[in-house]
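Reviewing the structure listed below.
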Amino acid sequence: MLILSIETSCDDTSIAIIQVNGRKRPCFNILANIVSSQTEIHAPFGGVVPNLAARAHQRNLPIVLEKALSEAKLKNKIDLIAITVGPGLEPSLWAGIGFARSLALVSKIPMIGVDHIKGHIAANFLNNKNIKFPAICLVVSGGHTQLILMKEVGKYKLLGETRDDAAGEAFDKVAKLLGLGYPGGPIISKLADKIINSKFQIPNFKLPRPMINIKDYDFSFSGLKTAVLYLVKNFGIKKTKDLTPDICAEFQQAVIDVLIKKTLRAIKEYNVKSIFCGGGVMANKELRAQLKTAIQNELPDVILRIPPSELCTDNAVMTGIAGYYEFLREGADMPEKIKANVNLSIK
């Protein structure tokens, strides 16, 4: 089976073509995965501007499709088109849906809508070895921070999510407070590495770990961002500049501490066999390393799956994999019935 998948939930325009072999334990072969970034467009604004993102998607989609088709060198006809329908930025979602509809109608190819969060989880199934259920899914991105119990493919239960800023959003806002630019995650991670890899200790200040000891599985990072704001005000311009790497290291560690502690507690409470990770923040190498160490030390029998960094950030491969499983369960839908749903969420 050949699947052409399209991802435009935010500011990355991505089209992938994947070949699926087998049914019960399918093998996914990536024939093409093209991602066009809009970072330069949105950087001056310090965040994604929805209407600008939608226009860029409309410009990029035909170009990205041509590159994907050229790279895949197809010998057979596409069997299914998978498109992200939500959650995400509504103008961006509609840009992708409109393009996918046109392809489906003109080419007479079945079409399936895909939940973006389920896509991030599905990136873990690219290699189907050591897939065991039940599992805890940790999804950490610019718009979402969630812990999900997954009993099997298609059966999800939301355990907790952010009550305000998602972790990735907090990274962006803290980077803006520190005058570091956009996107904030990679910049903060790079500066934090200077402290992590040095022999110097972090100065005598500590940021809060919001909700780390609360017994539910919700998150909150707005207060952490505010704590950085007050820290910057107290330090002043010069001292803040001198201590920016230290602030980045402490902020990053605060986020990591909360994510790992709550994830470990969920694993223990629900006695799961695996943990699946996804979302752009999971590309953070310190988070990946510390989560791996924590699992090895405390829960060595639990299988940890983290997709490659390029499949943690938004991409169409994950949309195609999730679309395949959705197709097996629900079948395809009429293109005109597929609509954007910014409130789509796992319950």
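The values are calculated or read from the model by the stated rules, or taken from the named source; none is laboratory data. These numbers come from a predicted model, not from an experiment. Here the Cβ is made from the backbone with ideal geometry for all residues, glycine too, and neighbour counts use every protein chain on show.
Identify, please: which residue in region 224-274 is touching a residue at least 24 places away in the same chain (Cβ under 8 Å) and among the small types (Gly, Ala, Ser) and is, among those, farthest from ALA135 (Cα to Cα)?
Here the residue is ALA249.
Would you mind finding the one in ALA135, ALA95, ALA122 that is in contact with a strand residue (DSSP E or B) (Cβ under 7 Å, 6 or more places away or on another chain) and either farther than 21 Å from LYS24 by Cβ or modelled with pLDDT of 95 or more (or both)? I'd like the intermediate steps shown before the answer.
Values: ALA95 fails: in contact with a strand residue (DSSP E or B) (Cβ under 7 Å, 6 or more places away or on another chain); ALA122 fails: in contact with a strand residue (DSSP E or B) (Cβ under 7 Å, 6 or more places away or on another chain).
Going through ALA135, ALA95, ALA122 in turn, the sole match is ALA135.
Going through region 3-34 one residue at a time, which ones are within 22 Å of LYS129 (Cα to Cα) and among the charged types (D, E, K, R)?
ARG23, LYS24, ARG25
Scan region 255-279 for residues that are of a type in the set (Gly, Ala, Ser), outside any loop (DSSP other than H, G, I, E, B) and out of contact with any Phe, Trp or Tyr (no Cβ under 9 Å at 6 or more places or on another chain) and jot them down.
Scanning region 255-279 gives a single hit, GLY278.
GLU286: surrounded by 14 or more Cβ atoms within 10 Å (Cβ to Cβ), in contact with a Ser or Thr (Cβ under 9 Å, 6 or more places away or on another chain) and either over 22 Å from ILE131 (Cα atoms) or basic (Lys, Arg) (or both), yes or no? Write out each step before concluding.
On the way: surrounded by 14 or more Cβ atoms within 10 Å (Cβ to Cβ): yes; in contact with a Ser or Thr (Cβ under 9 Å, 6 or more places away or on another chain): yes; either over 22 Å from ILE131 (Cα atoms) or basic (Lys, Arg) (or both): yes.
In short, yes.
Please work out which one of (1) of a type in the set (A, V, I, L, M); (2) touching a residue at least 40 places away in the same chain (Cβ under 8 Å); (3) assigned to a helix (DSSP H, G or I) is the condition LEU180 fails and give its number.
(3)
Only one of (1) under 17 Å from the mean Cα position of the chain (by Cα); (2) more than 28 Å from SER92 (Cα to Cα); (3) loosely packed, with under 15 Cβ neighbours inside 10 Å; (4) of a type in the set (Ser, Thr, Tyr) is not met by TYR230, so which one is it?
Every condition holds for TYR230 apart from (1).
Between THR293, THR319, which is surrounded by fewer than 16 Cβ atoms within 10 Å (Cβ to Cβ) and of a type in the set (Ser, Thr, Tyr)? Break it down into steps so the answer makes sense when it comes.
Numbers: THR319 fails: surrounded by fewer than 16 Cβ atoms within 10 Å (Cβ to Cβ).
Step by step, each of THR293, THR319 is checked, and only THR293 is surrounded by fewer than 16 Cβ atoms within 10 Å (Cβ to Cβ) and of a type in the set (Ser, Thr, Tyr).
Among the residues of region 27-69 satisfying the criterion of being surrounded by fewer than 20 Cβ atoms within 10 Å (Cβ to Cβ), among the small types (Gly, Ala, Ser) and in contact (Cβ under 8 Å) with a residue 60 or more places away in the chain, which is farthest from GLU169 (Cα to Cα)?
ALA43
From the list VAL258, VAL281, VAL272, which one is among the β-branched types (Val, Ile, Thr), on the phi < 0 side of the Ramachandran plot and in contact with a Ser or Thr (Cβ under 7 Å, 6 or more places away or on another chain)? It would help to see each step written out before you state the result.
Details: VAL258 fails: in contact with a Ser or Thr (Cβ under 7 Å, 6 or more places away or on another chain); VAL272 fails: in contact with a Ser or Thr (Cβ under 7 Å, 6 or more places away or on another chain).
Only one candidate passes the filter, namely VAL281.
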